[in-house]
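Please treat every number below as a calculation from the coordinates, not as lab data. As the structure is a prediction and not an experimental result, all values here were calculated from the model. With ideal geometry, Cβ positions are generated from the backbone for all residues, glycine too; neighbour counts draw on all protein chains shown.
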Amino acid sequence: MDVFKAQLARIQQQLAGLSATQRMLAGSLVAIMVLTTFLWGRYASSSETAPVVDRAFDAQEIVEAQHALKAEGINAKVTGDRVMVPADQQDHAFSVLSYARMLPADTRSAFEDVLKQGNPFDGDEKSKLIFNHAREAQLAQAISTFPGVSTAQVVINSTLERHIGDRPIMPSGTVVLQTRDGADVGHLVDSAAYTLMRTVAGMEANHVTVIVNGRSFKPHDPDNGNGGLAGGDLYEEIDKLEHRYQDKISDVVRNYSNPLVSVSV
């Protein structure tokens with residue numbers, strides 16, 4: 001205690017030798033140090049957050065997104081019309097909402113804004129190519145974490161051209177999936193296509209192909225409900241037919257030495 005008193009007396013003695021302006025400056029510096037320490041302590045103790053996608057969610061979308069993220073153990077908070085999550089869980093949160101088909105309608109704009117952050121010395125074509133490869137990689141990473149997916153690859157042709165009198169050139173995309181046993185193939189097909197449609201301007205369901213374990217499928221069109229699968233029913237029916245014909249052929253050729261039979265419907 002005596003040590004602190006001695007230090008305080010010394011400081012008072014030193015301050016007494018300063019002019020009024022110098023004392024004011026010293027007081028300001030002390031105040032800044034105290035404020036800096038307070039702010040550092042406050043923000044250092046709070047985790048960094050980031051938006052799932054930097055686009056507005058409406059009220060219903062916010063409720064649904066929070067519920068889906070909570071079910072996956074992600075603590076989502078709302079700031080204005082943005083859904084915020086811990087920065088280290090941002091990719092996982094994007095994957096969760098993509099699989100659940102809960103992304104806001106203009107998510108594609110958030111991806112395309114990245115083009116504005118590219119190297120100013122790159123030409124437009126190079127910037128678009130770099131951006132497209134980055135988008136393919138990010139979407140493949142997100143889709144690869146869908147339930148039941150082992151690996152995912154995404155290829156996107158983002159060309160969108162409209163000409164008077166000619167048929168427009170529309171963007172197209174292909175998603176190649178390898179799945180584990182028990183995967184809901186129907187849901188995976190539609191969710192993978194949905195993810196591309198939400199992140200590529202002009203992408204429509206009839207221009208997306210999803211290949212699952214070597215088989216090609218067309219997704220449902222969310223605008224008219226046509227095509228695609230119904231909860232994996234078609235995939236299961238194909239699997240049954242393949243096994244049925246495989247068993248029949250195996251029965252016919254069983255007298256041959258170690259026959260190998262493979263059927264693809």
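What's the extension gain from E72 to D88 if we count 0.36 nm per residue and subtract their Cα-Cα distance?
Extra length available between E72 and D88 comes to 4.3 nm.
Cβ-to-Cβ counts within 10 Å put T195, T151 in ascending order as T151, T195, the fewest first. Counting other Cβ atoms within 10 Å as a rough exposure proxy, the listed residues V252, V149, V155 run V252, V155, V149 from fewest neighbours to most. Peptides 69-78, 185-194 ranked from most to least packed, by the mean per-residue count of other Cβ atoms within 10 Å: 185-194, 69-78.
Quick one: length gained pulling I169 to A134 fully straight, 0.36 nm per residue minus the C-alpha distance?
Numbers: separation 35, 0.36 × 35 = 12.60 nm, distance 2.22 nm.
Once the chain is fully extended between I169 and A134, it gains 10.4 nm.
In terms of surrounding Cβ atoms within a 10 Å radius of their Cβ, L139, L97 rank from fewest to most as L139, L97. FRET efficiency for the pair E125 and V63, taken as 1/(1 + (r/R0)^6) with r the Cβ-Cβ distance and R0 = 51 Å, rounds to 0.75. The distance between label points at Q178 and S28 comes to 6.5 nm (points 7 Å beyond Cα on the Cα→Cβ vector).
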